[in-house]
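Below: the structure, in structure tokens.
None of the figures in this text is laboratory data; all of them are computed from the coordinates on show. Quantities reported herein were computed from a predicted structural model and do not represent experimental measurements. Note: ideal-geometry Cβ built from the backbone for every residue, glycine included; neighbour counts use all protein chains shown.
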Ligand SMILES: [Zn+2]
């Protein structure tokens, strides 16, 4: 028997045969038929066909209905039963930074021993030996939480042992920690006498000397010393990021730290006709601006005035309708910069003979004091800007919800869409507040699995908190609208692995044995729920659900075609999903290389 499934590229052809001699409707530009279409529209959840005209969907339904839209110039694609769905809306990522990492010394999120870390950095130094003795080396995508053996510490001595005179910094992939060598600390003026910065931490040895590990605001000073990014290179980095997104099926994204450089790079692509995803930006408001929040909000408004293109049209554009505020760091050990309701536990024994007991540290104070947070949220709400709050620990989540309650009371009925990104641990009493206050949790599903970062918290959290770590299913059960955000480049961009983990809460089958099994007691999300999280729910978060996020007549034609049906394949196989075609506003922005024709003898 031979299965005649032609190469993907050959399925699309100009319909030279006029299917309907007297079509009752204007012909479509493109028609997709004979597919399994997941619409994310609860009124019509599945269909077989759809038609597109002028960048918008003009029909969703069965093949017979679609035939009426086929005219002489219509491009018809026979999906051969393949799965089509709305394009992915990624509700939280850092695309320019991600694109830039492709150009830097990159540790690729690997789980490393100290010796392997040293070898990786030394390789980069050796490859750029002409930069001795003074040029900075910036290393990225260090998976600090997965260093082997578990709990091993790195200090400036780790980097001082390398053969170089250059200042070296290594950035953790989580983005909240930097490891610096002694030369870098010295050039940045970080020493024994340096006071603790607000919103950060300098780790110190018994003598009070910096160990080289710096958290959040403590490493901000390096930015002025590192070579500033070149705008030309930034445009290249943004283009590379867009290509990577389209390959994975992303058609809209939120840049969750939308700096002027980010806006400039993506706007340059927009002007050149090379913007291939709807680009939303959340300019940051920093804790240090707490004393002058009016000016901070004014700055965001000015960026909006310069870059935002107004009402969305079929072709992707630039939108500035969010502002980003960090309320804490990360719960992951060893940083423990997540702000907690109850203290982290502490080891009262030694590393060899540990004795874990109730601790006293709840992590840092929430980076914005309540009155400042309330003031800035209300000011943003009045300006029509949605707050996008980073809150990782349950203390920060609670502070965010408390301030949003004040915002809701101050501006009742206003269409403001606050989002809380990460929510890695949430106090159960706060679960129902997301629905009550209409707050969208934006979750990175790929974290919801046994791995170095999650299991590394066992001792610090204790068993009860470990049961509810990464509470996507629990929040959903409490009525929350869950949205997905990859947080790329905190992890490699792998949307389909993330969606798989959202369902299974398991690591990849090839992960080490210690990471087998499910994470915690959370039930996880249904397959439909993860697809909705990465489409219509994230579109709601970004205030574009009236025109994207589902396949409905009148909406923009943002859709993807997949090589499998993620609603029915074995759950593990969702991770291997391949996107065959990505369409944004009716325009094909990505087509997979043709598949080899499948045949069986
Ligand atoms: Zn982020």
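Subtracting the Cα-Cα distance from 0.36 nm times the residue separation, let me have the gained length for residue 192 to residue 43 in nm, one decimal.
Full extension of this stretch gives 47.3 nm more.
So for 176, 165, fewest C-beta neighbours within 10 Å to most, what's the order? If you can, show how the numbers build up before the last one.
Numbers: 176 25, 165 12.
Ordered by Cβ neighbours within 10 Å, fewest first: 165, 176.
Nearest 10 degrees, 0 to 90: what angle lies between the long axis of helix 260-271 and the longest principal axis of the chain (Cα atoms)?
20
Contact order normalised by length for the chain, with contacts defined as Cα pairs under 8 Å and 6 or more residues apart; what percent is it?
Details: 1380 pairs, mean separation 104.6, N = 601.
That works out to 17 percent.
Once both labels are modelled 7 Å past Cα along the beta-carbon direction, what's the residue 132-residue 553 spacing in nm?
7.2
In nanometres, what is the gap between the two model label sites at residue 119 and residue 54, each 7 Å from Cα along Cα-to-Cβ?
The modelled label-to-label distance comes out at 6.1 nm.
How far is it, in nm, from the label point at residue 406 to the one at residue 102 when both lie 7 Å from their Cα along the line to the Cβ?
4.3
Sort 326, 69 by Cβ crowding within 10 Å, fewest neighbours at the top.
326, 69
Once both axes come from the Cα atoms, what is the angle between helix 231-248 and the longest principal axis of the chain, in degrees from 0 to 90, rounded to 10?
For helix 231-248, the angle is close to 60 degrees.
Can you put 44, 559 in order of Cβ neighbours within 10 angstrom, beginning with the fewest?
Result, fewest neighbours first: 44, 559.
Please tell me the relative contact order of the stretch 183-223 in percent, rounded to the nearest whole number, where contacts are Cα pairs under 8 Å and at least six residues apart.
36
Working out 0.36 nm times the residue gap between residue 64 and residue 458, then minus their Cα-Cα distance, what length gain in nm do you get to one decimal?
Result for the pair: 136.2 nm of gain on full extension.
Taking 8 Å as the Cα distance limit and 6 or more residues as the minimum spacing, I'd like the relative contact order of the stretch 99-224 as a percentage. Before the final figure, lay out the partial values.
On the way: 212 pairs, mean separation 26.8, N = 126.
Relative CO of the stretch 99-224 lands at 21 percent.
Could you state the number of Å between the C-alpha centres of the stretch 446-498 and the stretch 378-405?
Rounded to whole Å, the Cα centres lie 20 Å apart.
Compute the long axis of helix 114-127 from its Cα atoms, compare it with the longest principal axis of the Cα atoms of the chain, and write down the angle in degrees, 0 to 90, nearest 10.
Helix 114-127 sits roughly 70 degrees off the main axis of the chain.
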